[in-house]
Structure formats: structure tokens, C-alpha cells
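The values are calculated or read from the model by the stated rules, or taken from the named source; none is laboratory data. Everything quoted here is computed from the prediction, not taken from an experiment. Ideal geometry is used to build each Cβ from the backbone, glycine not excepted, and the neighbour counts take in all protein chains shown. Calculation scope for accessible area: heavy atoms of the full protein, side chains included, ligands and nucleic acids excluded. Shrake-Rupley method; radii C 1.70, N 1.55, O 1.52, S 1.80 Å.
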Amino acid sequence: MQEFLRVMRTIDDRIVHELNTTIPTASFVGKIDAGQTCKELYQSLMDAHTSRERIIKNCIAQTSSIVETLREEREKAQDDAALLKQLRKEQTKLKLMQSELNVEEVVNDRSWKVLS
């Protein structure tokens with residue numbers, strides 16, 4: 001999942017480059033509609049942020065459900081070491097996904113500061 005998010009964050013990582021190539025130099029002012037190009041960049045950024053947030057939240061919801069199920073099973077079979085191991089693995093995955101929401105917030109804030 002982290003690799004997938006890294007690839008999806010490419011637009012944020014390259015925002016300065018995108019702006020530099022979007023805003024025309026003096027010699028290209030008449031050939032490129034900078035306003036339209038900026039609107040398209042803005043929309044691409046919005047779409048990327050919305051998509052990533054939705055994916056992360058869906059993963060959190062699914063993993064939370066798995067954790068809850070494993071907790072219930074653990075209550076019934078407290079001596080099951082394999083079940084405890086699986087529960088801890090899923091809890092760790094859940095914490096990682098929740099931290100990705102924080103990373104997402106930082107990445108988004110940085111991109112909007114550059115864009116504004």
C-alpha cells in the first residue's frame with residue numbers, strides 16, 4: 001500500500017516542476033492559456049488528494065473490521081497464539097494506515113502552499 005501511495009503522490013512531489021512548466025515564459029505568453037493550464041493542474045491535484053484519501057479511509061475501514069472480528073474471536077479463544085499473532089499484525093497494519101492519513105495531510109498542505 002505504501003508503494004501505491006508513493007506512486008499516487010507523484011503529482012505532489014513534482015508540484016514545483018509542474019508549476020514551472022505550466023506558467024509560460026514571456027516568449028510563450030500568447031501561445032499558452034496559463035489560466036486554463038493552472039485550472040487543470042488545480043483539478044488534477046484535487047482529484048489526486050480526494051482519491052488518495054478515499055483509498056486510505058477504505059483500507060482503514062476494512063482493516064478496522066478485521067481487527068474487531070479478531071478481537072471478538074480472541075475473547076472466545078484466549079489461548080490461541082496464532083490468533084493473537086494475527087490480531088497484532090492487523091493492529092499494526094491499522095496503525096500504519098492511520099499514520100498515512102497524517103502523511104497525506106502534510107503532503108496536501110505542502111502542495112497547496114506551493115500552489116497558492
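Give the label of the value calculated from the structure for Rg and Dmax of the Cα atoms in Å, choosing from (1) 23.4, 80; (2) 21.0, 74; (3) 48.6, 158.
Derived directly from the coordinates: (2).
Run the quick spin-label model on Leu101 and Arg88: label points 7 Å from Cα toward the beta carbon, then report their separation in nm to one decimal.
Here the modelled spin labels are 2.5 nm apart.
With every protein chain left in place, what is the accessible area of Arg9 in Å² (1.4 Å probe, nearest 10)?
Rounded to the nearest 10, the figure is 20 Å².
Nearest 500 deg cm²/dmol is fine: what mean residue ellipticity at 222 nm does the chain get from its DSSP H runs of n ≥ 4 alone, each adding -39,500 (n - 2.57), divided by its residue count?
-28500 deg cm²/dmol
Suppose accessible area is computed on protein heavy atoms with a 1.4 Å probe; arrange Leu83, Leu96, Leu5 from highest to lowest.
Leu96, Leu83, Leu5
What are the ³J(HN,Hα) values, in whole Hz, obtained from phi via the Karplus relation 6.51 cos²θ - 1.76 cosθ + 1.60 with θ = phi - 60°, for each residue of the stretch 65-74 in sequence order, with x given for Gly and Pro?
5, 5, 4, 4, 4, 5, 4, 5, 5, 5
Output wanted: per-residue J couplings in Hz (rounded whole) for the stretch 13-20, from phi through Karplus 6.51 cos²θ - 1.76 cosθ + 1.60, θ = phi - 60°, x for Gly and Pro.
My calculation for the stretch 13-20 gives 5, 9, 4, 5, 4, 4, 5, 5 Hz in order.
For the chain, build the charge dipole from Cβ charges (+1 Lys, Arg; -1 Asp, Glu) around the Cα centre, then report which of Thr69, Ser44, Thr21 sits farthest towards its positive end.
Thr21
Let me know the charge dipole size of the chain about its Cα centre in debye, to the nearest 20, where only the beta-carbon of Lys, Arg (+1) and Asp, Glu (-1) is charged.
180
Angle check, please: helix 81-115 long axis (alpha carbons) against the longest principal axis of the chain (alpha carbons), in degrees 0 to 90, nearest 10.
In the chain, helix 81-115 runs at an angle near 20 degrees to the longest axis.
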